[in-house]
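Please treat every number below as a calculation from the coordinates, not as lab data. Please read these numbers as outputs of a predicted model, since none were measured by experiment. Quick reminder, even Gly has a Cβ in these numbers, built from the backbone with ideal geometry, and neighbours come from all protein chains shown.
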Amino acid sequence: MALHFSKQEFSERKRKVLQSMKEQNLDAILMFRQESMYWLTGYDTFGYVFFQTLILDNKGNVILLTRAPDLRQAQNTSNIEDIRIWVDKDGSNPTDDLKNILDELSLKEKKVGVEYEAYGLTGRNALRLNKSLENYCNIEDQSELITKIRVVKSSEEIVYVKKAAELADLALDQAWKHTKAGASEAKILAEMQRIVLDGGGDYPANEYIIGSGHNALLCRYQSEKRILSDTDQLSIEWAGTYKHYHSAMFRTIAVGKSNLKHIKMHQACLEALQNCEKKLIPGNTVGEVFDVHAQTFDNHGYNKSRMNACGYSLGSTFSPNWMDWPMLYTGNPYVITPGNVFFMHMILMDSDNELAMNLGETYLVTENGNERLGKQKLDLVVL
């Protein structure tokens, strides 16, 4: 069994969830988020693309309902003892199997929470679920119950986050090593991912983002792979990943030479990141962090080039993306807490001049402030 945490750690996580369920007067919760299942039991799979749910009732019973391919996956990666299989066949409806389990647990007419905000619960399956449980039990959206517990990392989790940060630093070394005029974006990308895997890391929850020239202004992965020009710009967002824990970074590298506009954009990004660092302390809200980000860029005249969010929480996440709750945007009331891990990205996209500048780092919130987990320099690098 490949469990990545101690029995005491898993026991404490379960205790916290049961306590939160008690506070919400829940008799059970149906987990559809793979992050919740992994965090609570160690269950590691991409089988959540099909219908599967982890049931936890207020007596502490844990039952996984999944497909046959994930039976041994759960046995080998988790501490789940009761694994039920729904059978693939024409016209099968796994919500009927789920309802039978709820019957076993005497949950008829009881209050049951559901993680609706989950990539593992499609719209069609959510409709099936609602129809199956209609007039059977009282269901309510509890998508954030476990997420709000996961957002504060334990000491065991922080070990993995810091290892992920070390791998992210190594990946940046590879990017700098292989970036030059005439280089292939594909080669740079391959070497960055290779060093993470060689270091014992994992595939990330979403693709690395890489783009040069006009593609340097994109904030998402796309399939074009350019050859770098003599004078160019290269934007890369990546994450070191270890046991599914992420530590992300973001950089724009100047190729050949940098121009004055690039230099000024980098100065603004660095100032914004430093101002956000000062605001990222226990007791402040994440909305206040965004506000200093926005004010800094606006003071530099980059209102039209900045984003409407400047980061998000990181942790153990699964495809399709590594972004976790909460996001840093104006008005977000979440209060920053020791043990939070946030990726803060300063992004400027100047479409008029086809120039990009990005600077992003991952931070661990401590009792008195924060710690930048990456150890690389923040300078504008010209290669």
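Fewest first, what order do Ile80, Ile55 take by the number of other Cβ atoms within 10 Å? Walk me through the numbers before you get to the answer.
Numbers: Ile80 18, Ile55 22.
Sorted ascending by nearby Cβ count, the order is Ile80, Ile55.
Once the Cα atoms of helix 123-133 and of the chain are each reduced to a long axis, what angle between those two axes, in degrees from 0 to 90 to the nearest 10, is obtained?
Between the helix axis and the principal axis of the chain, the angle is about 20 degrees.
Read phi for every residue in the stretch 141-151 and hand back ³J(HN,Hα) as whole Hz from Karplus 6.51 cos²θ - 1.76 cosθ + 1.60, θ = phi - 60°, with x for Gly and Pro.
Each residue's phi maps through the Karplus curve to give 6, 10, 5, 9, 4, 7, 4, 5, 7, 5, 5 Hz.
In whole Å, what three semi-axes, largest first, describe the equivalent ellipsoid of the chain built from its Cα gyration tensor (square root of 5 times each eigenvalue)?
Values: eigenvalues 334, 100, 72 Å².
Each semi-axis is the square root of five times an eigenvalue, giving 41, 22, 19 Å.
With angles folded into 0 to 90 degrees, how steeply does helix 185-198 sit against the dominant principal axis of the chain? Use alpha carbons for both and round to 10.
Relative to the chain, helix 185-198 is tipped by roughly 50 degrees.
Restrict the search to the stretch 276-383; then list the GluC sites (Glu not before Pro) that DSSP places in a loop and that have at most 16 other Cβ atoms within 10 Å of their Cβ.
Answer by residue number: Glu354, Glu367.
Under a plain spin-label model, where a point goes 7 Å from the Cα along Cα-to-Cβ, how far apart in nm are Asn332 and Phe46?
My value for the distance between the label points is 2.7 nm.
So what's the angle, to the nearest 10 degrees on a 0 to 90 scale, between helix 286-299 and the longest Cα principal axis of the chain?
20
Any idea how far the Cα center of the stretch 188-219 sits from the one of the stretch 287-313, in Å?
Between the Cα centre of the stretch 188-219 and that of the stretch 287-313, the gap is 25 Å.
What is the packing order of peptides 243-252, 186-195, taking the mean over residues of other C-beta atoms within 10 Å and listing the highest first? Don't jump to the answer; show the numbers that get you there.
Details: 243-252: 25.7, 186-195: 17.9.
Top of the packing list down: 243-252, 186-195.
Explain nothing, just compute: Karplus ³J(HN,Hα) = 6.51 cos²θ - 1.76 cosθ + 1.60, θ = phi - 60°, for every residue of the stretch 360-369 in order, whole Hz, x for Gly and Pro.
Per residue, the Karplus-derived 3J(HN,Hα) values read x, 9, 9, 10, 9, 7, 10, 4, 10, x Hz.
Work out from phi, with θ = phi - 60° and the Karplus expression 6.51 cos²θ - 1.76 cosθ + 1.60, the ³J(HN,Hα) of each residue of the stretch 215-228, listed in order in whole Hz, and give x for Gly and Pro.
Coupling constants for the stretch 215-228: 6, 5, 8, 8, 9, 9, 5, 9, 7, 5, 10, 8, 9, 5 Hz.
Please report how far the C-alpha centroid of the stretch 111-179 lies from that of the stretch 318-383, rounded to the nearest whole angstrom.
For the stretch 111-179 versus the stretch 318-383, the Cα centre distance is 19 Å.
Using R₀ = 25 Å, calculate the FRET efficiency as 1/(1 + (r/R₀)^6) where r is the Cβ-Cβ separation of Leu218 and Ile158; round to 0.05. Write down the numbers at each step before the final one.
Numbers: r = 32 Å, r/R0 = 1.29.
Calculated value: 0.20.
Can you list residues whose amide H is under 5 Å from Thr285's amide H, if they're 5+ apart or on another chain and H is modeled 1.01 Å from N?
Ile336
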